[in-house]
Amino acid sequence: MNMFNLFKERPLDVKAIRNILLQSIKEKLQRAQGGEGANIMGVYIFISCSDAEKHLYEAAVFENVPGKFKTEEVQKIADDYAITLSPSFKFEVAFTDEFPPQADAVKNINAAIFISTKKSGMGNNVHRAFINVLNGEAENDSYLIDPACGRINIGRETKVQAAGNYMRKNAIAFKPNEANRSVSRQHAHIEWEAGSGSFLVFADEGGIPPNNKMKVRTPEGVLIKMQAIEVGHRLQQGDQIILGDSAVLEFTYSGSKQ
C-alpha cells in the first residue's frame, strides 16, 4: 500500500505529518531546481491548524530544536536528490490563520510551502525606482530608492520606539495624524535582492493580522494580502502598496505620479 494512502486511513501523528511535509518539500525543490542550482534561496512552511493539533505540527518541524528541521531534514533531501541550495538559504516555519497567496497548499495536512528562488520575478533590471504617495499624508510625495538605501522602513512617524529599546527610523514616513491612523509605526519595509535585481516589499509586525493590514494590488487588478512577515512580494512596475484602510503607495520607475 502506498505510504500516503495509508496516512488518509488513520489519524495523523507527528511522523506522518513530517513525512508528508518532507515529500512535498522534495517535490517542490525538484521543480524549483530546473537547472537553477544555487538559485534556490529559501524554504518557508506555513501551518494553519487547530489549537488541538498544534503540538503535533510543532513536534513534526522540531519547533523546540531550532535549525534541526533545516539541517537534518531539508538539507538531507537536497543532498540525497542532488539539489543545490544557496549556502545561505533561509528556512522558516510560521503558524498563521491564512496561507500567503504565494504558497502552495500541501495535500492531506494543514500546511503550505513556498520556495524562494533568484529567478522568480526576474526582470527588474533598473537599479533605482520611486515610491509615489497616492493616498495618505507622508513627509514627501515621492521617494527615490536604490540598492544603496539598504532596508527601507515604512510606517507612521519618522522615529519610533521598537522592541528591545531599538529606535526604528522610517525612511518613508507618514505623518502622525488622524488621516494616517491605520498606518502602523512598524508597518512594512522594502529590500533590494541583488540575485534577482528586484525590490521586494515585506509586511512588518504592524502590517499583518491581527494588527493593521497590508495588501498589494497589481496593475492587472490582482489583490495580494500580505499574511506573514517571512514572505515578500517582488515589486513590479505599477504595483500599489496599500497600508491599512487608506494609505496607498505606488512602485514605479518614474518619479512623477501616473
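All alpha carbon pair distances within the chain were sorted into 10 Å bins beginning at 0; the resulting P(r) in whole percents reads 7, 27, 31, 22, 10, 2, 0. Taking θ as phi - 60° and the Karplus parameters 6.51, -1.76 and 1.60, the scalar couplings of the range 66-78 work out to x, x, 5, 4, 5, 7, 9, 10, 5, 5, 5, 4, 4 Hz in sequence order, x denoting glycine and proline.
Helix 51-60 and the longest principal axis of the Cα set of the chain meet at an angle near 70°. Residue separation of residue 23 and residue 134 scaled by 0.36 nm, minus their Cα-Cα distance, works out to 35.5 nm of gained length. Taking Lys and Arg as +1 and Asp and Glu as -1, the other residues whose beta-carbon sits under 14 Å from that of residue 156 total -1.
Helix 14-33 axis versus longest C-alpha principal axis of the chain: approximately 60°, rounded to the nearest ten. If you wrap the Cα atoms of the range 173-258 in a convex hull and average its projected area over all directions, you get 6.1 nm². Taking 0.36 nm per residue of separation and subtracting the Cα-Cα distance, full extension of the segment from residue 158 to residue 54 would add 33.6 nm.
A protection proxy built from the mean count of other Cβ atoms within 10 Å ranks the segments 51-61, 215-225, 14-24, 186-196, most packed first, as 186-196, 14-24, 51-61, 215-225. Counting only DSSP beta bridges whose two residues both lie in the range 142-248, roughly 90 percent are antiparallel.
Every number here is computed from the coordinates shown, using simple stated rules; none is lab data. Owing to the predicted nature of the structure, the values given are computational and were not obtained by experimental measurement. No Cβ is skipped: glycine too gets one built from the backbone with ideal geometry, and neighbour counts run over all protein chains shown.
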